[in-house]
1. List the GluC sites (Glu not before Pro) within region 120-191 that DSSP assigns to loop and that have no more than 13 neighbouring Cβ atoms inside 10 Å.
2. Report the residue, chosen from PRO136, PRO196, PRO269, that carries the largest GNM mean-square fluctuation when the chain is represented by alpha-carbon nodes joined by springs under 10 Å.
3. Given a cut-off of 18 Å, name the pairs among LYS91/LYS236; LYS85/LYS223; LYS104/LYS236; LYS65/LYS111; LYS118/LYS263; LYS72/LYS223 whose C-alpha atoms lie farther apart than that in the structure shown.
4. Starting from the 7 Å offset along Cα-to-Cβ, what nm value, one decimal, do you get for the label separation of PHE1 and ASP19?
5. Dimensions of region 74-186 along principal axes (Cα, Å, largest first)?
6. Which three extents, in whole angstrom, do the alpha-carbon atoms of the chain cover along their principal axes, largest first?
7. Can you give the extra length, in nm with one decimal, that the chain gains between LYS45 and ASP168 once fully stretched, where that is 0.36 nm per residue apart less the Cα-Cα distance?
8. Roughly what would the spin-label model give for GLU243 and THR259, points 7 Å off Cα along C-beta, in nm?
Amino acid sequence: FHKDGFLVLERFFTAEECDSMRNQIQRIVAEMEVPPHCRTEFSTKEQEQLQEQGSSDYFLTSGDKIRFFFEKGVLDERGNFRIPKEKSVSKIGHALHAYDPVFKQITHSSKVQELGRKLGLERPVVVQSMYIFKQPGIGGEVTPHQDATFLHTEPLGRILGFWIALEDATRENGCLWFIPGSHTSGINRRMVRAAPGSSTCVEFVGSEPAYDNSQFIPLPISKGGLILIHGEVVHKSELNSSESSRHAFTFHVMEAKDTSWSKENWLQPTPELPFPSLYT
């Protein structure tokens with residue numbers, strides 16, 4: 001992990017644990033009621049991010065809620081679904097770990113806590129969580145990025161991602177790709193809250209360099225596998241052009257000891273939801 005910036009742990013979670021998360025998300029989607037003005041499409045391309053999420057209070061205030069974000073092209077100009085809603089969702093975030101009993105239990109499970117201790121985390125807190133669908137045929141690419149671009153700390157090196165494969169993640173359905181060792185040279189850009197009165201809620205400072213594609217290695221992983229992701233390692237995933245989905249549950253932890261969370265981050269703890277300790 002310290003050398004490459006990521007670590008693959010196969011079969012970390014059982015098939016039953018994965019199925020419990022998938023079944024729970026089916027229930028959540030079945031009950032999903034999204035106000036038409038909140039139907040935000042999720043994108044990782046910078047301009048689209050600013051346009052779709054940056055202008056949307058729905059995204060900016062989702063840190064302490066369970067909210068829905070959609071794939072591109074699934075809504076018509078009136079904001080109605082072109083395809084079944086369960087096939088339209090891109091991700092659900094960003095507080096499943098706090099408000100849903102199934103995801104809370106997984107996030108704070110004894111094996112996750114034990115792993116945190118093995119990594120030397122003294123006061124880890126959970127800052128956000130997401131359920132990612134990577135829908136068949138339309139699951140969009142996630143462009144190369146570093147998580148610390150969006151979750152900035154002083155000092156750097158205090159953010160850790162836990163990425164759980166709830167189905168087999170393959171090269172065909174959009175597994176993660178990493179540049180080994182790319183977590184050692186800081187970050188290239190930051191997404192920050194824009195000044196009041198700006199046309200967007202967030203803006204980017206700095207820019208992502210053009211990465212050499214040949215440096216990325218794919219990390220296919222079986223259902224139940226866990227990938228640990230250093231906050232500064234460069235990673236991406238391709239479009240899912242296959243006929244099978246690639247569901248994943250992911251959450252981010254910050255080592256809170258001697259660390260300050262940037263007031264400029266889009267995500268902020270709230271009185272309703274301070275960042276909960278991982279060790280509870």
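Just so it is clear, none of the values below were taken in a lab; they were calculated from the coordinates. What you see is a predicted model; the values in this text were computed from it and never measured. All Cβ positions, even for glycine, are placed from backbone atoms using ideal geometry, and neighbour counts span all protein chains on display.
1. On the way: sites: GLU122, GLU141, GLU167, GLU172; in loops: GLU122, GLU141, GLU167, GLU172.
Hits after loop and neighbour filter: GLU122.
2. Of PRO136, PRO196, PRO269, the Gaussian network model singles out PRO196 as fluctuating most.
3. Working: LYS91/LYS236 16 Å; LYS85/LYS223 24 Å; LYS104/LYS236 26 Å; LYS65/LYS111 26 Å; LYS118/LYS263 29 Å; LYS72/LYS223 26 Å.
Beyond 18 Å between Cα atoms: LYS85/LYS223; LYS104/LYS236; LYS65/LYS111; LYS118/LYS263; LYS72/LYS223.
4. 2.9 nm
5. Between the extreme Cα coordinates on each principal axis of region 74-186 lie 48, 35, 28 Å.
6. Result for the chain: principal-axis Cα extents of 50, 46, 43 Å.
7. Values: separation 123, 0.36 × 123 = 44.28 nm, distance 2.56 nm.
So the extension gain works out to 41.7 nm.
8. According to this spin-label approximation, the distance is 4.3 nm.
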